[in-house]
Every structure is written in structure tokens, then in C-alpha cells.
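The values are calculated or read from the model by the stated rules, or taken from the named source; none is laboratory data. Please read all numbers here as calculations on a predicted model, not as lab measurements. No Cβ is skipped: glycine too gets one built from the backbone with ideal geometry, and neighbour counts run over all protein chains shown.
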Amino acid sequence: MENLIPNEEPLRQEYFMSEVNDIIHAKAIDRGVYPTYKVVTFGCQMNARDSEKLSGILSGIGYIEAETEEDADLVLFNTCTVRENANDRLYGRVGQLKKSKEKNPDMIIGICGCMMQEAEEVEKIKKSYRHVDLVFGTHNIYKLAEILFEHLTTKKQVVNVMESAEMIVEKLPNKREFAFKSGVNITFGCNNFCSYCIVPYVRGRERSRKPEEIIDEIKGLVADGVKEIMLLGQNVNSYGRGLDEEISFATLLDRIAQIDGLERLRFMTPHPKDLSDEVIDVMKKNKKICKHLHLPLQSGSSEILKKMNRVYNKEGYLDLVRRIKAAIPDISLTTDIIVGFPGETERDFLDTLDVVKEVRYDSAFTFIYSKRSGTPAAKMDDQIDPKVIKDRFDRLLKTVQDIAAENTKKNEGKCMPVLVEGKNDHLDGYLSGKLENNLTVHFKGQERLIGEIVDVILDEAKGFYYMGHIKTSEA
């Protein structure tokens, strides 16, 4: 049998998908029903994209998606490890499933993703969570069928974690959450080593996909009805490093914007130190590229930024913002900010507030610093009193919210295009969608409009979202 198994990817995984499909089909005949699966995602948009790939493989080999993890025959937790409390939440969920597995001994429980790149977490699972059947990391997400085949044929716990990424394997099934928009990976890993961040240690060094593979994937998605693409990477601005041909992110962005049928193009996340004038120019001249930029600040203090190993300083960040706004006056800027980093003084915090007030972000993800084991920052002296951090966090949040409310107020009464994303969860007869600047709008409309771009008049600003109505008779 070994001689029949291809070594080359993705042919190897296609072989194992076929083998597992035969096993699943035989079991379904015996049971009279196909088994179900549930993929539970923690973390960022990169993880969400990985989960679409996992779901695609499971659907391709015969599993049917379940409503809840308790009801599923196979549960897969795709983990995040940026913050340690994410680990705690994961173990709580896995522990709860032990009773479900006692009722259904054939139930398969798997844990994959970033958290599994930490050796101590893998050992903890092997020792204390023996009801977990599959353990694999972020570097071999694509090997799900092969790992599952080993478990189904041996009935043993399978632990398959690669220390580093040997290759990029993309051409496998994926099951998109939305028919009309999709993320597309352009880079994997990170070389920046911010002192508070575990990502480079679990996602590995930066690797870029070949531009022709990215463009072919997007063309296929557009042909399948996708209107909006989000380019994904830990640091999209560094795209091109390590490739045989010389190509920058600006060049790739410009090429993608030329694809016929693509209506909206976004990217996440750029690092301020690598955001070039060429990228700004490409954004300025291409109408398909959404005039929204998520530009992580983390701190407005040059001293704290140095301790964070962010490479830029306060003045450099503000100069970049001024260049962006000069080129694209109507751009929407959002950010990430950490409060209470070790050694942060009141002066340092006021520097952060200064940047927030000058940039005037449309929204910000604000975080209270917490130690992350395995990072340099966790060993730093001058950890800040939690009460001081809480006070600063509250002041920052109020400043961000006040500015965001003033920003959104300026667009009241305007008519803007909205990508309709789905039914509103709380208002009957209402739909929800996203503006080009990534803010949400709620408005009355029929479900047939989901996935379409429609003109909506913004009746009332509500801070971080709008209430509106459709301009035309489409409603």
C-alpha cells in the first residue's frame, strides 16, 4: 500500500481523502446516516480561513456539518494562542466534551492550530486529556485527511506537529463561510518578533505564495460569485520575500485590482514599518481597493514602541498617517492599541492618547496587556498595577468611542454602497452589511439582496454602526 501513496502534495492528501471517504461511506451504509462534524474557531482571520479549509476537507470526505459540537461525531478545535486565556477557554470546552464522548464512544475530538505548536500544551493534552484523538499544528492543517486516516485505521491518539513549515499547500477543498466574500492567504508566518507576541514562534518565519497562484485562486473565486476579497497575512506589506522573482506587495495589489469581476479588495494586516508610498499610491488610484486601512499602533510612546520591538516611533507613525491622508483624504483608519505594557508611565499613556486624537480612528481594538509565556515582555520588570491599567484603559476607550461617534456622524444622510452580508440577528425584516470603510449598516430589505452591493442612505449614526434605508426600489 505504501507504494501507492504519492509523496507529492496535494496529490498525497487527495489520496488520503479518497481512502477516508471510502471508510466514511461504508460506515454510513451501516448506520443509515452520514457522520457529522463541527469546526470551532478561536482567533484571527487567518485562523478563520484555515477553518474553511478544514471544513472543506471534512465535507469532501463525507462529513455533514452539525449545529453544535455536542451533537457532532467529529469536533475540531482550531486554536489561537495570542493570549493565554484563550488556552484556558479551549481546555474548558474540551473538558465538557468528555461526557459527550462517553455517550458516543466513536466521537472524534481534535485540536489543531497555533496552540499545538507549543510543546508544553501538547504534553498537557497527552497526559490530562486522553479523550482527545487528533493533535496537529498550524504548519500541517492541510494534512487533516492523512491524520484522520491514521486514527480511523489504528484507533489510537494521533499527534502530528511539525516544528516548521516545509511547504505551502493550498489546492485542497475549502468550504467558505460566505458565498460572496473570501479571504485569500498571501503570506504565512512573521519575522517581526514584537516582544509581547507569540505568533512568530507558533506560525514560523515568513513565507510568500507565488503571485500567479494567488491571482489564479482569486480569479476562480470571482468566477464562483465572490465580490470581495480580503488578502491575508501576519504582515502583508512584506509580501515577496523569499520568492524567486522580485515582487512587492504594491505590485501584487495592483495586479489583483485589475481582475475582471472583482468588486472590492481589502487586506489585513499591514505593519506600519513596511507600508510603502507605492502601496499608498496603488490604493489611491484603484477604486476597487477599499478606502480602509487597519494600521496597528500598539502604543503612542516611542519609548514603549522600542521596548515592544515595533521598529517605528511615534513621529514616524504620525508622518505615515499624514502621507496616507494626504493621498486618500476620505480613508478610514482603524488600529490596535495595548494599554499597560511593562514600564508604561502616565506620560507614555498620554502619548498614546495624543496619537488617537490626532489620527482620529474610526474604531480601535483596545487591549489590556497581559503576560504571554514564552515572550520577552513576560520577563520584563516594571509590570503595571492592574488598577492603573484599568483606569488608563477606560480613558482610552472613552476617547476612541467619542471620536468614532463624531466621525460616523459626518456621514449621516449620505448615500453609500453596502455589501449585504446577512439577516440582522435582532431586528426582524432587517439586513446587515458593510460599508467600504468596514463599518456596519442595518436596514430593511429582502433576503434576496444578501451578497449584493446596494446603495443605502445612512439615516442615523450609532457610534460604530448606522441605521439606514435602501435608496432604490430594491428593498
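Going by what's in this entry, would Y34 be described as surrounded by fewer than 17 Cβ atoms within 10 Å (Cβ to Cβ) and either within 20 Å of I109 (Cβ to Cβ) or small (G, A, S) (or both)?
Judged against the criteria, Y34 is a match.
Going by the conditions given, is E121 buried (at least 16 other Cβ atoms within 10 Å of the Cβ), among the charged types (D, E, K, R) and within 21 Å of Q234 (Cβ to Cβ)?
yes
Where residues in region 294-305 are part of a helix (DSSP H, G or I) and of a type in the set (A, V, I, L, M), which of them is surrounded by the most Cβ atoms within 10 Å (Cβ to Cβ)?
The qualifying residue surrounded by the most Cβ atoms within 10 Å (Cβ to Cβ) is L305.
So, of the residues in region 306-345 that are farther than 27 Å from N407 by Cα and part of a helix (DSSP H, G or I), which turns out to be nearest to the chain's Cα centre (by Cα)?
Out of the qualifying residues, it is M308.
Of all residues being loosely packed, with under 15 Cβ neighbours inside 10 Å and among the hydroxyl-bearing types (S, T, Y) in region 438-475, which is farthest from T335 (Cα to Cα)? Just the residue, please.
Ranking the candidates gives S473 first.
Filter region 187-241 down to residues that are in contact with a Leu (Cβ under 8 Å, 6 or more places away or on another chain), of a type in the set (A, V, I, L, M) and in a helix (DSSP H, G or I), then give me how many there are.
Count: 3.
Among the candidates T345, T352, which residue alone is among the polar types (S, T, N, Q), at pLDDT 95 or above and under 30 Å from Y466 (Cβ atoms)?
T352
Looking at region 211-228, can you tell me whether even one residue there is hydrophobic (A, V, I, L, M, F, W, C), more than 30 Å from E447 (Cα to Cα) and buried (at least 16 other Cβ atoms within 10 Å of the Cβ)?
Taking every residue of region 211-228 in turn, at least one turns out to be hydrophobic (A, V, I, L, M, F, W, C), more than 30 Å from E447 (Cα to Cα) and buried (at least 16 other Cβ atoms within 10 Å of the Cβ).
Search region 281-293 for residues being under 23 Å from the mean Cα position of the chain (by Cα) and surrounded by fewer than 20 Cβ atoms within 10 Å (Cβ to Cβ), and hand back the single one that is nearest to L318 (Cα to Cα).
Applying the filter and picking the extreme gives K291.
Looking at G422, is it over 26 Å from the mean Cα position of the chain (by Cα), surrounded by fewer than 16 Cβ atoms within 10 Å (Cβ to Cβ) and not assigned by the TED database to the domain that holds T335?
The answer is no for G422.
So, in region 363-380, of the ones that are closer than 14 Å to K307 by Cα and part of a loop (DSSP other than H, G, I, E, B), which residue ends up farthest from the chain's Cα centre (by Cα)?
Here the residue is M380.
For region 132-150, indicate whether the set of residues that are within 15 Å of K38 (Cα to Cα), in contact (Cβ under 8 Å) with a residue 24 or more places away in the chain, assigned to a helix (DSSP H, G or I) and touching a His at 6+ places or on another chain (Cβ under 6 Å) is non-empty.
no
Quick test of your reading of the structure: F365 fulfils all but one of (1) under 28 Å from C80 (Cα atoms); (2) crowded, with 19+ Cβ neighbours inside 10 Å. Name the failing condition by number.
For F365, the exception is condition (2).
This table checks each residue for (1) among the basic types (K, R); (2) in contact with a strand residue (DSSP E or B) (Cβ under 9 Å, 6 or more places away or on another chain); (3) crowded, with 18+ Cβ neighbours inside 10 Å; (4) free of Cβ contacts under 8 Å to residues at least 24 places away in the same chain.
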position	(1), (2), (3), (4)
Y369	no, yes, yes, no
S373	no, no, no, no
P376	no, no, no, no
I389	no, yes, yes, no
F393	no, yes, yes, no
L397	no, yes, no, no
T408	no, yes, yes, no
E412	no, yes, no, no
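Can you work out which of the residues in region 51-68 that are touching a strand residue (DSSP E or B) at 6+ places or on another chain (Cβ under 6 Å) and surrounded by 20 or more Cβ atoms within 10 Å (Cβ to Cβ) is nearest to V184 (Cα to Cα)?
S51
Report whether or not C80 is crowded, with 20+ Cβ neighbours inside 10 Å, in contact with a Cys (Cβ under 9 Å, 6 or more places away or on another chain), over 17 Å from Y37 (Cβ atoms) and without any contact (Cβ under 8 Å) to a residue 40 or more places away in the chain.
When the stated conditions are applied, C80 passes them.
Scan region 226-253 and report the pairs whose first residue is under 22 Å from F180 (Cβ atoms) and whose second residue is among the acidic types (D, E), with Cβ atoms within less than 7 Å and a gap of 6+ or a chain change.
Sorted first by the residue in region 226-253, then by its partner, the pairs are K227/E263; E228/E263.
Suppose we keep only residues that are over 16 Å from L262 (Cβ atoms) and among the β-branched types (V, I, T) within region 184-235. Which one would you say is modelled with the highest pLDDT?
T187
Could you look through region 4-31, keep only residues that are surrounded by fewer than 20 Cβ atoms within 10 Å (Cβ to Cβ) and under 28 Å from the mean Cα position of the chain (by Cα), and pick out the one that is nearest to M107 (Cα to Cα)?
Looking at the filtered set, the residue picked out is E14.
Among the acidic types (D, E) and either touching a Gly at 6+ places or on another chain (Cβ under 9 Å) or at positive phi (or both), is that true of D381?
When the stated conditions are applied, D381 passes them.
Out of curiosity, is T352 of a type in the set (S, T, N, Q) and over 25 Å from the mean Cα position of the chain (by Cα)?
Here the answer is yes, as T352 does meet what is asked.
What number of residues in region 189-206 are buried (at least 18 other Cβ atoms within 10 Å of the Cβ) and among the charged types (D, E, K, R)?
2
Looking at (1) touching a Ser or Thr at 6+ places or on another chain (Cβ under 7 Å); (2) under 14 Å from P272 (Cα atoms), can you tell me which one D319 breaks?
Failed condition: (1).
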